[in-house]
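Undergrad: Pasting in a structure now, in structure tokens, and then I'll have a few things to ask.
The values are calculated or read from the model by the stated rules, or taken from the named source; none is laboratory data. The shown structure was predicted, so the numbers you read here are calculated from the model rather than taken from an experiment. Don't worry about glycine lacking a Cβ; one is built from the backbone with ideal geometry, like all the others, and counts go over all protein chains shown.
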Number of protein chains: 2
Amino acid sequence: MNAQTIENKYRSLKEKSGTHSPSLASIQEFIPDLKIKVDACFLSNPYATELFLEYFKKEMIDTGKINALLEFYPSQNNVIAGFIEKRLNIDEGHVFVGNGAIEAIQAIIHNYCEGKLMITIPTFSAYYEYAISEQEVVHYQLNKAENYRLDITDYIKQVEKEKPNTIVLINPNNPDGGYIKYDDLLFALDKLSWVKNIIIDESFIHFAYEDSDMELKSVVPNVINKDNVYVIKSMSKDFGIAGVRCGYAIMAKQKVQDLLKNGYLWNSNGLAEYFFRLYARQDFLDRYDLVRRKYITEALFFISELNQIKNIKVYPSRANFVLIELLNGANTTDVTAKLIANHGVYVRNCDDKIGLEGQFIRVAARSQKENKIIIKAIKEVIEG
Amino acid sequence: MNAQTIENKYRSLKEKSGTHSPSLASIQEFIPDLKIKVDACFLSNPYATELFLEYFKKEMIDTGKINALLEFYPSQNNVIAGFIEKRLNIDEGHVFVGNGAIEAIQAIIHNYCEGKLMITIPTFSAYYEYAISEQEVVHYQLNKAENYRLDITDYIKQVEKEKPNTIVLINPNNPDGGYIKYDDLLFALDKLSWVKNIIIDESFIHFAYEDSDMELKSVVPNVINKDNVYVIKSMSKDFGIAGVRCGYAIMAKQKVQDLLKNGYLWNSNGLAEYFFRLYARQDFLDRYDLVRRKYITEALFFISELNQIKNIKVYPSRANFVLIELLNGANTTDVTAKLIANHGVYVRNCDDKIGLEGQFIRVAARSQKENKIIIKAIKEVIEG
């Protein structure tokens, strides 16, 4: 199959796939001849995956403990929450464990966020898609002229004007990687303390940094006693274990209790329980922090290389991905199709994302070796 | 630690554990000296577990595919539903995949069952515990004098009198294993076709039989076009894979669509996707059916042995467990504690189950070898 045929096949698949980009698996099922070399849609730290696999192999597979993991019921929600509370050094009862962060998002939006939700756009689509028909979604459009960076003063003003029941801030934001500085976020939380529900999604916070120390800086310690704040945390990205399905939300104890009163008791699988037990272990965390920093450093270099490519604009990001605008009339689907067909590099075609004006792709940092392939591919497709 | 100390420790743990029996894991954490030889609480086919582990080792571990299973996002709900629809030979769009059957139960009860729920008791507690405060739960008490067997005529009469929005029938029922014959169930479905929601839970149906052919007889083909019927199916029991967390519900296409419109898109983990792919494969199913029949046969023999023990009453069961009433003043917690302390046999203490009058334990059939240990232990504790 030649590159042109692959390109055409990608285009027709894209047309059929609605508001989500086609998954790598569906592309490969649809175009079996296609060899994907790098999945640059996939927002995860590959070194953290390696680390987890090393532990999993040593502790679960080589010992045969995997058998019990598969056979027996995992622990209940509150037991697994205990490992997370230990890790975060917070009071017990504040953690709701989800089957992926997405389940925690769904539980919060469906149970606590009646009325008006204010969602910044562009953003992760679940926050508006999971709103049910009785809920009203209003958008806060991030400003393209300011590189989609949140202007905290303007944001506060708009929230005061719209008076929503619920606001959502993803930090760093997806798809642009825009980062709200720690102090700015605390300032906003203070000014907006009257809002009934404030959801802070820190799913990409392990990739962000305030300065070159690259310390991990989460708002959890500052909001643990604020009953109206929820902090969402996916584990799939920073730990590179999307197949495990585990995440959590920090919220008021009473809200956790209410959710567990009528559901969610047995929503972790054996893999997730194993992961959260690791998450509370210092030996694992010490090694994890090394691969976190290594990956951030490489991502920084990767972004600086992307910045040197002509005819694109790379938006400032403090996450493990960048939003790239194609300039001079280039088209998103064209570029995505050519990257996949000629170079086996799969990037996120952003033409379904609401709140973006222009032609955008999102590119994830992968391993050092893969980053080189991505750079070369984009250079060739864009610069010709 | 002597048997008396273990017995006392079990008693104090039981007191603290509320409406659910303490899990094996919490018992072992609380009494580290205790050696559990047989977990006769655990309602699963150990031969099916062995079969799954054989496939999993060969196809996932030995090939290294486990790595991708852990790293990448599994498929979306409707893709995995496709494997189940293929297996059941039903139209696409009728399957809602759950993170365990329990998630499907929660989704149905919270989204479709407003108003009055009629729950037969004794039964699996989630059906009444997951009802939210706006819902009214009324009980249909199964008659002890009739061995807790459902009298279908009386049941229909009571439903007509109470006019609930939702009725639930678990077949075979937990904790007694009472079986509603296929024709009786179809008769009831016909007479009660006006009920807004009819939930049939077939989580234990693979262990039931109409006659010595031991054919698997599910109502799914008969109800697929009835928009008011839901069929719940756990995979944990018959396939012995509780750690995987996978189950599903069959329901009207429109209801599946409504649930997926605002949630549940990514609720299967990599293990669950692997399992459901197996579930659609004939080579796996053929081998599974052999271990299903082997296990039923052994369970039949096990129950006939239990029937010969004095001072207990074994209730008629067509599942892989039996409800046992302790006679002549014996006490449930005493007997459970002695079984665990003196014999390492853990049985389900049923004193938290509503709708049972008397002193009851529930005992699961395990492997042939384990069944012998259970029989010997009960004999010694009961007959002295």
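Undergrad: Restricted to segment B:254-283, and to residues that are among the polar types (S, T, N, Q) and farther than 27 Å from B:ALA48 by Cα, which residue is nearest to the other protein chains (Cβ to nearest Cβ)? Even if it seems obvious, please write down each step before you answer.
TA: Quick first cut of segment B:254-283, residues among the polar types (S, T, N, Q) only: B:254, B:257, B:262, B:267-269, B:282.
Add one more test, that the residue is farther than 27 Å from B:ALA48 by Cα, and what stays is B:254, B:257, B:262.
On the way: B:GLN254: 15, B:GLN257: 13, B:ASN262: 5 Å.
Within segment B:254-283, the match that is nearest to the other protein chains (Cβ to nearest Cβ) is B:ASN262.
Undergrad: Continuing with the same structure: Among the residues of segment B:47-68, write down those that are within 7 Å of another protein chain (Cβ to nearest Cβ) and more than 28 Å from the chain's Cα centre (by Cα).
TA: B:ILE61, B:ASN67
Undergrad: If I go through segment A:1-46 residue by residue, how many of them are within 14 Å of another protein chain (Cβ to nearest Cβ), among the hydroxyl-bearing types (Ser, Thr, Tyr), surrounded by fewer than 16 Cβ atoms within 10 Å (Cβ to Cβ) and not in a loop (DSSP other than H, G, I, E, B)?
TA: Qualifying residue count, segment A:1-46: 0.
Undergrad: While we're looking at this one, here's another question. Looking only at segment B:120-169, how many residues end up being of a type in the set (S, T, N, Q), at pLDDT 95 or above and closer than 19 Å to B:TYR230 by Cα?
TA: As a first pass, look at segment B:120-169 and keep what is of a type in the set (S, T, N, Q): B:120, B:123, B:125, B:133, B:135, B:141, B:143, B:147, B:153, B:158, B:165-166.
Add one more test, that the residue is at pLDDT 95 or above, and what stays is B:120, B:141, B:143, B:147, B:153, B:158, B:165-166.
Within this subset, residues satisfying the condition of being closer than 19 Å to B:TYR230 by Cα are B:120, B:165-166.
Result for segment B:120-169: 3.
Undergrad: How many of the residues in segment B:244-253 are more than 8 Å from every other protein chain (Cβ to nearest Cβ) and over 20 Å from B:ALA208 (Cβ atoms)? Working first, answer last.
TA: First, the residues of segment B:244-253 that are more than 8 Å from every other protein chain (Cβ to nearest Cβ): B:246-253.
Filter once more, so that each one left must be over 20 Å from B:ALA208 (Cβ atoms): B:246, B:251-253.
Summing the residues that are more than 8 Å from every other protein chain (Cβ to nearest Cβ) and over 20 Å from B:ALA208 (Cβ atoms) in segment B:244-253 gives 4.
Undergrad: Restricting the search to segment A:219-266, which residues are over 28 Å from A:ILE296 (Cβ atoms) and either β-branched (Val, Ile, Thr) or not assigned by TED's automatic domain parsing to the domain that holds A:PHE187 (or both)?
TA: Within segment A:219-266, just A:VAL256 meets the criteria.
Undergrad: With the requirement that a residue be part of a loop (DSSP other than H, G, I, E, B), within 17 Å of the chain's Cα centre (by Cα) and hydrophobic (A, V, I, L, M, F, W, C), what does segment B:229-258 give you?
TA: Hits for segment B:229-258 are B:MET235, B:PHE239, B:ILE241, B:ALA242, B:VAL244, B:CYS246.
Undergrad: How do the pairs read when you match residues in segment A:44-69 that are at positive phi with residues anywhere that are assigned to a loop (DSSP other than H, G, I, E, B), using Cβ under 8 Å and keeping only pairs 6 or more apart or on different chains?
TA: From residues that are at positive phi, there are no pairs.
Undergrad: In the list A:ASP39, A:ASP62, A:ASP33, A:ASP91, which residue meets the criterion of being among the acidic types (Asp, Glu) and touching a Phe, Trp or Tyr at 6+ places or on another chain (Cβ under 6 Å)? Can you show your working first?
TA: Values: A:ASP62 fails: touching a Phe, Trp or Tyr at 6+ places or on another chain (Cβ under 6 Å); A:ASP33 fails: touching a Phe, Trp or Tyr at 6+ places or on another chain (Cβ under 6 Å); A:ASP91 fails: touching a Phe, Trp or Tyr at 6+ places or on another chain (Cβ under 6 Å).
On inspection, the qualifying residue turns out to be A:ASP39.
Undergrad: Moving to a separate point now. Can you find, within segment A:215-228, the residue that is farthest from A:CYS113 (Cα to Cα) among those that are part of a loop (DSSP other than H, G, I, E, B) and in contact with a helix residue (DSSP H, G or I) (Cβ under 8 Å, 6 or more places away or on another chain)? Spell out how you get there, then give the answer.
TA: Residues of segment A:215-228 that are part of a loop (DSSP other than H, G, I, E, B), as a first pass: A:215-219, A:224-228.
Now restrict to residues that are in contact with a helix residue (DSSP H, G or I) (Cβ under 8 Å, 6 or more places away or on another chain): A:216-219, A:226-227.
On the way: A:LEU216: 29, A:LYS217: 27, A:SER218: 23, A:VAL219: 21, A:LYS226: 16, A:ASP227: 14 Å.
Result: A:LEU216.
Undergrad: Could you pull out the residue among B:SER212, B:SER203, B:SER193 that is part of a loop (DSSP other than H, G, I, E, B) and free of Cβ contacts under 8 Å to residues at least 12 places away in the same chain?
TA: Working: B:SER203 fails: free of Cβ contacts under 8 Å to residues at least 12 places away in the same chain; B:SER193 fails: free of Cβ contacts under 8 Å to residues at least 12 places away in the same chain.
The conditions single out B:SER212.
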